[in-house]
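S.K.: Here it is: the structure, laid out below.
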Amino acid sequence: MAKRISEKDKLEIIESFSNGKTIDELSEKFKCTKLTISRNLKKNLGEKTYKELINKLKKDNKNYDFKGKNINVPIGKSTSDEKINASSFYENEVHEPNEVLVPLTDFTEIIPLNCEIDNKLQKDLSSVPIEDIVFPKIVYMIVDKKIELETKLLKDYPEWQFLSENESKRKTIEVFFDNKIAKRFCSNEQKVIKVPNTNVFKIVAPILVARGITRIVTAENLIALC
């Protein structure tokens, strides 16, 4: 179990660190891990002050390792083990577990995806064949004063604008499942009619297609007539 640091020790740690003691020296003195020391310093000093003191320590101790040993050993008398980079100690030993060290650069390179992108026109995968649709018993439609069907292009519906350019040019009629909603979209030059037998849409589908109407729009589906 990690040692619990008393309030008195915390004050002494902060004072010692501010006066130039390293994380390693404090860890040895108070018999706890370097991570515990650094956490308490960050918590009590704040991240900004902590980093400022770390940078000051690196600057003041650039010729010494974390135990105060001079690392500028004469040539021919040093070994790879004796050569210790003081800055790397301060930077790497006190990070949180699993913390990822990311270089502070202005740009981050993203590796391109190794895949092919299909640039063909978007296929019509959104419409449902009219044979697969079960309409309510009664629906409503908007017509003009001469009882002519009110037709629109598919691109006039914001919810279907993601379709390809060719698909967006299809002529449509719209049916409503609620009379109040239909009236909300009805202008003064139009009126709402009730369709009591919704099987009529499957019967007249070839006639609608002959007139260039290939889609029925509802609140839930885009219905294909052909």
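S.K.: Looking at this structure, is ASP118 modelled with pLDDT of 90 or more and charged (D, E, K, R)?
M.R.: It is false that ASP118 is modelled with pLDDT of 90 or more and charged (D, E, K, R).
S.K.: Being at pLDDT below 90 and over 30 Å from ILE54 (Cβ atoms) narrows it down to one residue among ASP106, ASP178, ASP144, ASP81; which is it?
M.R.: It is ASP144.
S.K.: Show the residue pairs meeting these rules: Cβ distance below 6 Å; 6+ apart or different chains; first residue within region 31-60 and touching a residue at least 60 places away in the same chain (Cβ under 8 Å); second residue crowded, with 16+ Cβ neighbours inside 10 Å and not in a loop (DSSP other than H, G, I, E, B).
M.R.: LYS34/ILE23; LYS34/SER27
S.K.: Within region 9-62, which residues are surrounded by 15 or more Cβ atoms within 10 Å (Cβ to Cβ), modelled with pLDDT under 85 and not in a helix (DSSP H, G or I)?
M.R.: The one that is surrounded by 15 or more Cβ atoms within 10 Å (Cβ to Cβ), modelled with pLDDT under 85 and not in a helix (DSSP H, G or I): ASN61.
S.K.: Applying the selection to region 164-180, what residues are open to solvent by 40 Å² or more (accessible area, probe 1.4 Å) and hydrophobic (A, V, I, L, M, F, W, C)?
M.R.: The one that is open to solvent by 40 Å² or more (accessible area, probe 1.4 Å) and hydrophobic (A, V, I, L, M, F, W, C): PHE177.
S.K.: Can you find, within region 147-163, the residue that is farthest from the chain's Cα centre (by Cα) among those that are under 21 Å from PRO196 (Cβ atoms) and open to solvent by 60 Å² or more (accessible area, probe 1.4 Å)?
M.R.: ILE147
The values are calculated or read from the model by the stated rules, or taken from the named source; none is laboratory data. As the structure is a computational prediction, the values presented were derived from the model and not from experiment. Positions of Cβ are backbone-derived with ideal geometry, glycine not excepted, and every protein chain shown enters the neighbour counts. Accessible surface is based on the protein model in full, side chains and every heavy atom, while ligands, DNA and RNA are left aside. Shrake-Rupley method; radii C 1.70, N 1.55, O 1.52, S 1.80 Å.
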